[in-house]
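For reference, the structure discussed in these notes is given below.
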Amino acid sequence: MGKGSKKNKGSRAGDQLDSSDTDSISSSSTVMSDCAPVYTTEHVTSNDFVLDKLIDALYEKRGSTRENALVGLVDAFESFVLLPFIENKFATLSQLFINSIKKGSAKETILASRAIGLLSLTIGGGPSSHEIMEESLPELCRILAGSDQSKMPAVLDCLALVTFVGANDLDETEVALKAIWEVIHPKSGSNVGTVKKYRPPVVAAAITAWSFLLTTISNWRRNPENWKEHIMHLSTLLEADDRAVRMAAGEAIALFFELKLLDVRLAEESPAEKDPKYQLFIYMQGMKAKVTGQIDTLAGEAGGKGADKKNLNDQRELFQKIWDYIKDGWSPEETVKISSKLGILRVSSWTELIQLNFLRRFLGRGFLKHAQGNSLLHEIFNFGVDKTDGLSNIAKKIYRSEEEKERALRLNKDRKIAQAKKQSILIEQV
């Protein structure tokens, strides 16, 4: 799976389907329960019997039959961790899903893309997920190079996820990063003569998928020269009209700072002004100053008449977190209650928060089930005991208040140490 990911909101499928598809989906989503009477008469595991029937339906010529089967399979993948069932079927499932992407409608492509992502996430890292990535990547990239934007958010999610789980090295990861970036910044693509204009939801989805995949490069040393175009374009997206695009770009920039992709080290005390490395240093310092100013503005943006207050508040909260991190070193923290046995899932960095938000949104209602039983998620995240379990509401508030005080003291100490180091460096340079 994505290297360096360990220590380093609902499903989109329904959102991307047209309203005309609603009746078909709602009727097919009950396919598991419709087969319930058969459970008592068949000498097979009930769930396996239903799932085998759904797989058989993917061979049918009628598109609506395949679509209904995909809805049932997606529902099953969300509701259960189906590792025992798919261990000997992953190659067949992967090929059937890819066939649906090749010849299916937009609806079928969206469902099949989601199914491939869930398949990869369920089977976890290793040769099987690598095979899924290799087989699906050409078709996913073909759709991203096409013109039907209704499919793209689901395809972007799928491409990021199968690469996150299945890539063996940086070269494989970079193939997907490049394909996704060409949606974010079309001018960087090969067909510069026909620059595409992507709708804001597609751009926001692309940035989110790209950032999720970017979290896996933290253990590789990166040359800041390679990130000049990216930080410059993300800076322009902070000024986009669409709030979702601005917020996605902000998270990507926060990750840039955390991974130190903008840091340039100068070996010489007094480098020549024409030295390329010195010029890169000056450029990155300027970009840091620019985006920091933009983030400060977005953290305090006024609502204005007719503004969407909820999304505005979400924007303010996000960019305030980014500002606190860049200026004072305050890393974002979030906890999710998983179960009484497993306790809580805690994240405390932009890398982990971006991974959590992506997987929580992708899995939707199935997130808790997978957090409890999917070993891949236990490789990615830290799970711990919820020390407030069993306490009264008042005791919980007191405990969490004390935790916040300890965190503030720790962060203040870290900030003072960082400021002292910075001051020491400045004195040495003088």
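We did not get these values from a lab; they are worked out from the coordinates using the rules stated. Computed from a predicted model, the values in this text were never measured in an experiment. Positions of Cβ are generated from backbone atoms using ideal geometry, with glycine treated the same way; all protein chains shown enter the neighbour counts.
Work out the FRET efficiency for E134 and E87 from their Cβ-Cβ distance, taking R0 = 25 Å, and round it to the nearest 0.05. The partial results should precede the final answer.
Details: r = 19 Å, r/R0 = 0.75.
Once rounded, the FRET efficiency stands at 0.85.
Too long at a 26 Å Cα-Cα cut-off: which of K178/K369; K260/K341; K187/K290; K274/K321; K260/K309? Don't skip to the end; give the middle numbers.
On the way: K178/K369 32 Å; K260/K341 37 Å; K187/K290 22 Å; K274/K321 37 Å; K260/K309 33 Å.
Pairs exceeding the cut-off: K178/K369; K260/K341; K274/K321; K260/K309.
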Counting other Cβ atoms within 10 Å, which trypsin sites (Lys or Arg not before Pro) in the stretch 46-150 have at most 14 and lie in a DSSP loop? K61, R62
Would you mind ranking T109, T335, T122, T236 so that the residue whose beta carbon has the fewest other beta carbons within 10 Å leads the list? T236, T335, T122, T109
If M232, M133 are placed from fewest to most neighbouring beta carbons inside 10 Å, the sequence is M232, M133
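Would the stretch 273-343 count as rounded, prolate or oblate if I go by the C-alpha gyration tensor, calling it rounded below 1.5 in a/c and otherwise prolate when a/b exceeds b/c, oblate otherwise? Mind showing how you got there, number by number?
Values: a/c = 4.04, a/b = 1.45, b/c = 2.78.
In terms of gyration-tensor shape, oblate.
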Kindly provide the trypsin sites (Lys or Arg not before Pro) of the stretch 232-279 that DSSP labels as loop, not H, G, I, E or B, and whose Cβ sees at most 14 other Cβ atoms within 10 Å. K260, R265, K274
Compactness check, the stretch 35-190: C-alpha Rg relative to the 2.2 N^0.38 Å globular estimate gives 1.08
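For the stretch 202-242, which GluC sites (Glu not before Pro) are both in a DSSP coil and crowded by at most 16 other Cβ atoms within 10 Å?
Working: sites: E225, E229, E239; in loops: E239.
Answer in residue order: E239.
Arrange L144, L118 by Cβ neighbour counts within 10 Å, fewest through most, would you? Write out the running numbers ahead of the final one.
On the way: L144 20, L118 26.
So the residues, fewest neighbours to most, are L144, L118.
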